[in-house]
1. In the list 92, 143, which residue meets the criterion of being assigned to a strand (DSSP E or B) and modelled with pLDDT of 85 or more?
2. For region 146-155, state whether one or more residues are of a type in the set (Ser, Thr, Tyr) and modelled with pLDDT of 90 or more.
3. For residue 66, indicate whether it is surrounded by 14 or more Cβ atoms within 10 Å (Cβ to Cβ), at pLDDT below 95 and within 23 Å of the chain's Cα centre (by Cα).
4. So which residues in region 13-25 are without any contact (Cβ under 8 Å) to a residue 60 or more places away in the chain, surrounded by fewer than 19 Cβ atoms within 10 Å (Cβ to Cβ) and touching a helix residue (DSSP H, G or I) at 6+ places or on another chain (Cβ under 8 Å), if there are any at all?
Amino acid sequence: MYENAKVTEAKYFYSQMSSNFEDRDKFAYNLSAFLSSARSVPQYALEEAKIKTGGQAWYDSQIAASSILPFFKDKRDVNIHAEPVKPIKQVTATTTAKAAIRVSASVIVKDANGNIKYQSSSEPSEPKSQSPSSSSQGAGSLTIRWKFSDWSGTEDIMTLCRMYIAELERFVKDGIASGFITG
C-alpha cells in the first residue's frame, strides 16, 4: 500500500548521501535514513501480501531469490537494534608529476700512461621536461569510496544502494503484477 512512497523516500535519502558524500557524519546519517525507509518497502509488502492466498510464499520467494534484500535487511536491523552503521571510507590519491632532468658533462682525455692531456666540464643545463604536458605538473585526483566491511563483493555503498533501489522497484512491480500488493 505504501511501497512506492517508501521507494521514493529511499531515493531522496540516496540523493542526500550523494550530495554529502565527503562528509562522514552527514553521509552516515543519510545512509541510516536510507536503510530505514528502504527496509519499509518489503515490510509493507509483507503485511499486505500475507493476508492473500499465496502472498506469504510470493514474499518468501522474492527475498530468497535476492542477495541484496537480505543484506540490507540485516544492515538496517543492526543499525536500529545494535549500533549505528559504520561505513568505511576508502580514499585513493593519484598524482602525476612532471620530471625534470639536468645534464652536465665531464670529458677527460688521457694518454697511454694515464697522464691527463685534456679536461673539460660543462655547467648543468636547464631542466628538460620529460612530461608531454607542462600543465600536468602536480596534477592528480582524489577518489573517495564508501564500503561496507561485511559485503563480499567489490561494490561500494553507492553502487549497492542503487542496486537495492532497482531491486525494490522490481519487487514492487512484481508484487503489483501478481496481485499481492497495491504499491
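1. Within the list 92, 143, the selection yields 143.
2. Among the residues of region 146-155, at least one is of a type in the set (Ser, Thr, Tyr) and modelled with pLDDT of 90 or more, which makes the answer yes.
3. Spelling it out, residue 66 is indeed surrounded by 14 or more Cβ atoms within 10 Å (Cβ to Cβ), at pLDDT below 95 and within 23 Å of the chain's Cα centre (by Cα).
4. If the condition is that a residue be without any contact (Cβ under 8 Å) to a residue 60 or more places away in the chain, surrounded by fewer than 19 Cβ atoms within 10 Å (Cβ to Cβ) and touching a helix residue (DSSP H, G or I) at 6+ places or on another chain (Cβ under 8 Å), then 16, 20 are the ones that fit.
The values are calculated or read from the model by the stated rules, or taken from the named source; none is laboratory data. Please read all numbers here as calculations on a predicted model, not as lab measurements. Here Cβ is always computed from backbone atoms with ideal geometry, including for glycine, and neighbour counts include all displayed protein chains.
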